[in-house]
Each structure stands twice: as structure tokens, then as C-alpha cells.
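In what follows, a single structure is set out as C-alpha cells and then discussed.
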Amino acid sequence: MSDDRCELLRTQAVQHIVNALGGAQVSVYGNEVTAGGVFLDSEREVTSRTYWRVGDERFEYAVQVSVDVHRRKVS
């Protein structure tokens, strides 16, 4: 079950994650023009991508964070 409060809490959490991952280079919803940086893949998924070269090979490191808000009735 979800309501407006759940959506607000999810949005706030995603904003904090973007800031924590260095959100100065945010790319929204699959715009892959920027190499590396922070990508807002959906309204609840954030990915930080970094590229490093090791010898002659290049590697991508992706840190993915997903935010879910759960609501339940308590007594």
C-alpha cells in the first residue's frame, strides 16, 4: 500500500542519495552522454559510475542504490 507520504519519503531519500554520491554530475533517466558520474535511472534507482584503467584494460564500477518505502498499519 502506498500514499503521498510514501512518495514524499522516497523522493527525499533519493535526493539524499544523489547528494551523497556526488550529485554535481547527475544524468537523468538514461542520458548516457556523461561518462561516469551519478545517474538517476528511475524515480527510485540511483547509480554512480566510475571508470578505471588497469593496465591495458578499462573497467566500469557501478554502485547502485534503490529506495523502497513500506507502509504497514501498527496498533
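3J(HN,Hα) along the range 9-18: 5, 5, 4, 5, 5, 4, 4, 5, 5, 4 Hz, from the Karplus curve 6.51 cos²θ - 1.76 cosθ + 1.60 with θ = phi - 60°, whole Hz, x for Gly and Pro.
Using a simple spin-label model with pseudo-atoms 7 Å out from Cα toward Cβ, Asp56 and Val69 lie 5.2 nm apart.
Charge tally for Lys73 (other residues, Cβ to Cβ under 14 Å; Lys, Arg +1; Asp, Glu -1): +2. In order along the range 50-64, phi translates into HN-Hα couplings of 9, 10, 10, 9, 10, x, 8, 10, 10, 10, 9, 10, 10, 9, 10 Hz, rounded to whole numbers, per the Karplus curve 6.51 cos²θ - 1.76 cosθ + 1.60 with θ = phi - 60° and x for Gly and Pro. Over all other residues within a Cβ to Cβ distance under 14 Å of Ser42, the charged ones net out to -3, with Lys and Arg as +1 and Asp and Glu as -1.
Coordinate-derived values only; no laboratory data. Quick caveat, the model's predicted, so the values are computed rather than measured. Glycine also receives a Cβ, built like all others from the backbone with ideal geometry; neighbour counts cover every protein chain displayed.
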